[in-house]
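So the structure is just underneath, and the comments pick up after that.
The values are calculated or read from the model by the stated rules, or taken from the named source; none is laboratory data. These numbers were taken from a predicted model, which means no experiment stands behind them. Here Cβ is always computed from backbone atoms with ideal geometry, including for glycine, and neighbour counts include all displayed protein chains. To get the accessible areas, we keep the full protein, side chains included, count just its heavy atoms, and leave off ligands, DNA and RNA. Shrake-Rupley method; radii C 1.70, N 1.55, O 1.52, S 1.80 Å.
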Amino acid sequence: MAKLDSAKSFEAEKEHAGKTEPKLNGTLLSVMLVGGFIILSWIGVYALYLSR
Amino acid sequence: METTLINRKDAKLSLAHIYVGFIAVLLGGIAGLLQTFVRSGAITLPAGIGYYQLLTAHGVLLALVFTTYFIIGFLYSGISKTTGTLAEGPRKLGWAGYYVMTTGTVITTIMILTNDASVLYTFYAPLQASPWFYIGLALVVIGSWISGAGMFRQYRNWKKANPGQLSPLFSFMAVMTMLLWLIATLGVAATVVLQLIPWSFGWVDTINVLLSRTLFWYFGHPLVYFWLLPAYICWYVIIPKIIGGKIFSDSLARLSFVLFLLFSIPVGFHHQLLESGVSHTWKFIQVTLTFMVIVPSLMTAFSLFATFELSGRQKGARGLFGWVKKLPWKDARFFAPFMGMLIFIPAGAGGIINASNQLNQVIHNTLWVTGHFHLTVATSVALTFFGIAYWLIPHLTGRTLTKKINLLANIQTIIWVVGMAMMSGAMHTVGLLGAPRRTAYTTYGDYPDALGWIPYEVAMAVGGSFLFIGILVLIYIVVHLSFFAPKGVEAYPIGEVADQAERTPAILENWKLWIGVCVALILFAYTIPIMEIIENAPPGSPGFRLW
Amino acid sequence: MHMHKYEKIWLIFGGITLIVFLSVIGVSAFAMGHHPPSDMTTIDPEKVKETAPFDDPGLKKIGDNEYEAVMVAQAFMFGEPLEVPKGATVHFKVTSADVVHGFSIPGTNVNMMITPGHINTITHTFDEAGEFLIICNEYCGVGHQAMSGRIEVN
Ligand code: HEM
Ligand SMILES: [Cu+2]
Ligand SMILES: [Cu+2]
């Protein structure tokens, strides 16, 4: 559960989050692959539309 | 915490819903199997059953009955889990809703069985079913509103008892789902109660067809988000716990649900792109709004991968994809929903194509569309619901998911994915070739192109057979978990938020604000086109019974 | 609200992709006229056979290898087969005399809904010779799977 404590701990959290962003290289590559798949399928059907 | 069972009375309410849902899956699955056999020319239906009668039953049982019952059962259980035992009022509303919905379902089913309603689950006028078919559907919707009111009340009680506190994520998402449903169903309720029922009783002679279709599709698109959001609840809240990780970000999860509420309703014209009477401009405006609703799904994709990667790295995974190996592949509670997520990638890509204005001409009303929603609702959503059932049913019945049943559930998932890849893959391909959906066996007088579709229809039947076996395995598991599995305590997995995630802004829970923006967007997208539809209306249509 | 740097990259990338998709279809529709069919003309659905031009359906030559094909969709037929020369541009003008029908020619972009009370129009140029099939792709009743028409291009 997210905390609604004091503003102080909020600031601390923010700093913490800002300094040590977790390592998510695999995530970025994965979503980019998803994006690539979407773009390729879209272009495929668009090409079909143009060719008909 | 998750080792305590939810209140037994609440469990009973949830179970009653879930059982009806799975009975619908079994009956609908039988219809689906027969459809694939008819379409490929392998059989003709006995005893005067019509293909379209069967298809009406399949659509109503699976798309409307299974989904709605399972969703309400699941959401009630999670609300009881996260906000505490249901108060008397909300529980009574839950049961009232259940009985009203079930009355409606029975009436509707009888009308389909007596062949008085072979109008398919979208019941487009001016095909005219028996008035009782529409009355049954209206009762299902009204019942679901009563259930929704119960959830809203439970949530309000919790807010009152915990002033200034952020609500549990599950309950927030459940309320958002039911709110979306409430606003969306106003459209279908309007056409059913104000147009279809008076017209089918003969109180009025004719109906405004385009208005009825527009009101239907005002509801039809958010309907698919009503199916999807509970699956997203599982992905956001339940899965992190099962894989031993944390919820990536509470605020981003809530933000994505807010965006779904805002942008999933003012977009219905993307189902009417090829019809007369709606101007190019308004179609394109709604296409643009449709693209906005893709954004929260992009956010979800990131959050899910991030949850997996973070938990994997915490367990010592290294490299770009080391975390993949740390996922609990053998745990059916994870594996089934995970395959659902994976299938959502091609499903979502297909959806973007469908909504792309004139690209819709390539696929509209072809089997591509049927292939598309068997990926979205019949795989992404269905597999996630199955995955939920594997722990939820034993949790509710006070039994446990044994190793053996867990293995069987994994086999079920594989059968489903393989069968669906075949059936949906064939549907997508033959759809691009132009084969129409909702069409019984035909070769159009041995027209060569249509003959060329038959092999794909055979592939659909093979895939459909896998799927049907999958349904039998599923039903065996459900029955076993309900009545025969060993007694014990099955956990209700509710995830916790990652330490580094920051505080959730209170604005995300400002319901007045979001309902206001939602209504404003709907008024923007629909006021002018609906005024035009009414002002320029042609003389109405009488009813037809062409089956 | 804090967002991971990579998530920002992803959402910007996704957002730009969606804007590009929208621009491509928007320009193609509004600047080049490739709109999906959206005719605004209405008709009395119970008087289709008495209303011009549907009182006299069929093919009419309106220009140099350019034709108008006036058709009435009704359970479960589209009317007489059509015959046009290769390279002909055909403007289909269709309405329904009963329920909702579909109108599609597999292998082409011809695909539209025919709702009673409304007229719908779409244009296609037949660059190749051969026999084309018109099919109804919206459920319209027990004979829906038989509802088709032919276009001979030679
Ligand atoms: C045994 C598993 C299944 C098989 C074999 C199957 C097969 C089919 C077939 C062949 C069609 C119709 C094709 C046509 O347009 O003529 C169809 C339509 C449909 N299916 Fe399934 N399906 C299965 C499971 C599901 C599930 C689990 C859902 C939803 C949760 C679902 C939802 C639908 C819907 C909404 C339609 C459209 C009905 C309509 O067009 O009116 N199906 N299915
Ligand atoms: Cu939609
Ligand atoms: Cu038809």
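Where the convex hull is taken over the Cα atoms of region B:80-179, what is its projected area averaged over directions, in nm²?
Numbers: hull surface 29.3 nm².
Averaging across all directions leaves 7.3 nm² for the Cα convex hull.
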Just how large is the dipole of the protein assembly as shown about the Cα centre, in debye to the nearest 20, putting +1 at every Lys and Arg Cβ and -1 at every Asp and Glu Cβ?
3540
Could you pull the accessible area for B:ILE247 with a 1.4 Å probe, rounded to 10 Å²?
10
So what does log10 I(q)/I(0) come out to for region B:476-525 at q = 0.26 Å⁻¹, using the Debye formula with one equal point on every Cα and no solvent?
-1.05
Estimated 222 nm signal from helices in chain B, with DSSP H stretches of n ≥ 4 weighted -39500 (n - 2.57), rounded to 500:
-22500 deg cm²/dmol
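Shape verdict for region B:318-385, please, from the Cα gyration tensor: rounded (a/c under 1.5), prolate (a/b greater than b/c) or oblate.
oblate
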Charges at C-beta only: +1 for Lys and Arg, -1 for Asp and Glu. How large is the resulting dipole of chain B about its Cα centre, in Debye rounded to 20?
1720
I'd like the orientation of helix B:131-161 relative to chain B: the angle between its Cα long axis and the longest Cα principal axis, in ° from 0 to 90, rounded to 10.
20
Counting every C-alpha pair in region B:8-535, the percent lying more than 43 Å apart is 13
When all protein chains stay in place, what accessible area (Å², nearest 10, 1.4 Å probe) is found for B:THR4?
90
Using the Cα centre as the reference, give the magnitude of the dipole from point charges on the C-beta atoms of region B:376-504 (Lys, Arg: +1; Asp, Glu: -1; all else neutral), rounded to the nearest 20 debye.
440
Would you mind computing Rg(Cα) / (2.2 N^0.38 Å) for region B:286-347, counting N as its residues?
1.36
In degrees, nearest 10, the alpha-carbon axis of helix C:5-30 is tilted away from the dominant principal axis of the alpha carbons of chain C by 30
Farthest towards the positive end of the dipole of region B:84-224, among B:THR114, B:ALA189, B:PRO222 and with Cβ unit charges of +1 on Lys and Arg and -1 on Asp and Glu, lies the Cα of B:PRO222
Of all DSSP beta bridges in chain C, what percent run antiparallel (nearest 5)?
70
Mind checking which lysines have their Cα closer than 27 Å to the Cα of C:LYS60? Skip sequence neighbours fewer than 8 apart in that chain.
C:LYS47, C:LYS49, C:LYS86, C:LYS93
With every protein chain present, what accessible area does B:VAL224 have (1.4 Å probe, heavy atoms only), rounded to the nearest 10 Å²?
50
Spelling out what I want: for every residue of region B:432-440, take phi, set θ = phi - 60°, compute 6.51 cos²θ - 1.76 cosθ + 1.60 (Karplus), and round to whole Hz; glycine and proline get x.
5, 7, x, 5, x, 7, 6, 9, 5
How many angstrom separate the Cα center of region B:316-357 from the Cα center of region B:233-283?
17
I want to verify the translational diffusion coefficient of region C:1-52 in µm²/s; compute it with Stokes-Einstein, Rh as the Kirkwood radius over Cα pairs, at 37 °C and 0.692 mPa s.
216
Along the charge dipole of the protein assembly as shown, Cβ charges K/R +1 and D/E -1, which of B:PHE544, B:TYR98, B:TYR441 sits furthest on the positive end?
B:TYR98
Ordering B:GLU275, C:GLU68, B:GLU490 by accessible area with a probe of 1.4 Å, largest first, what comes out?
C:GLU68, B:GLU490, B:GLU275
With θ set to phi - 60°, apply the Karplus curve 6.51 cos²θ - 1.76 cosθ + 1.60 along region C:56-68 and write out the HN-Hα couplings as whole Hz, x wherever there is a Gly or Pro.
9, x, x, 8, 10, 7, 10, x, 6, 6, 10, 10, 10
For C:ARG150, distant residues with modelled amide H under 5 Å away:
C:LEU82, C:ILE134
Inter-centroid distance (Cα atoms) of region B:11-32 relative to region B:97-116, Å
14
Taking the 0 to 90 degree range and rounding to the nearest ten, how far is the long axis of helix B:67-83 tilted relative to the main principal axis of chain B, both from C-alpha atoms?
20
Please name whichever of B:VAL60, B:VAL20, B:GLY41 sits farthest to the positive end of the charge dipole of region B:1-156, dipole taken about the Cα centre and charges placed at Cβ: Lys and Arg +1, Asp and Glu -1.
B:VAL20
Would you pull out the residues with amide H under 5 Å of B:TYR492's amide H, same chain only if 5 or more places away, H placed 1.01 Å from N?
none
Selection of trypsin sites (Lys or Arg not before Pro), region B:259-329, meeting DSSP coil and at most 12 other Cβ within 10 Å:
B:ARG318
Going through B:LYS241/B:LYS325; B:LYS12/B:LYS487; B:LYS12/B:LYS330 one by one, the pairs whose alpha carbons sit over 20 Å apart turn out to be B:LYS12/B:LYS330
Could you go through region A:38-52 in sequence order and give the Karplus-derived ³J(HN,Hα) for each residue, using 6.51 cos²θ - 1.76 cosθ + 1.60 with θ = phi - 60°, rounded to whole Hz, and x for Gly and Pro?
4, 4, 5, 5, 4, 4, x, 6, 4, 4, 4, 4, 5, 7, 8
Using DSSP, restrict attention to beta bridges with both residues in the protein assembly as shown and report what percent are antiparallel, rounded to the nearest 5.
70
Test of understanding: express the Cα radius of gyration of the protein assembly as shown as a ratio to 2.2 N^0.38 Å, with N the residue count.
0.95
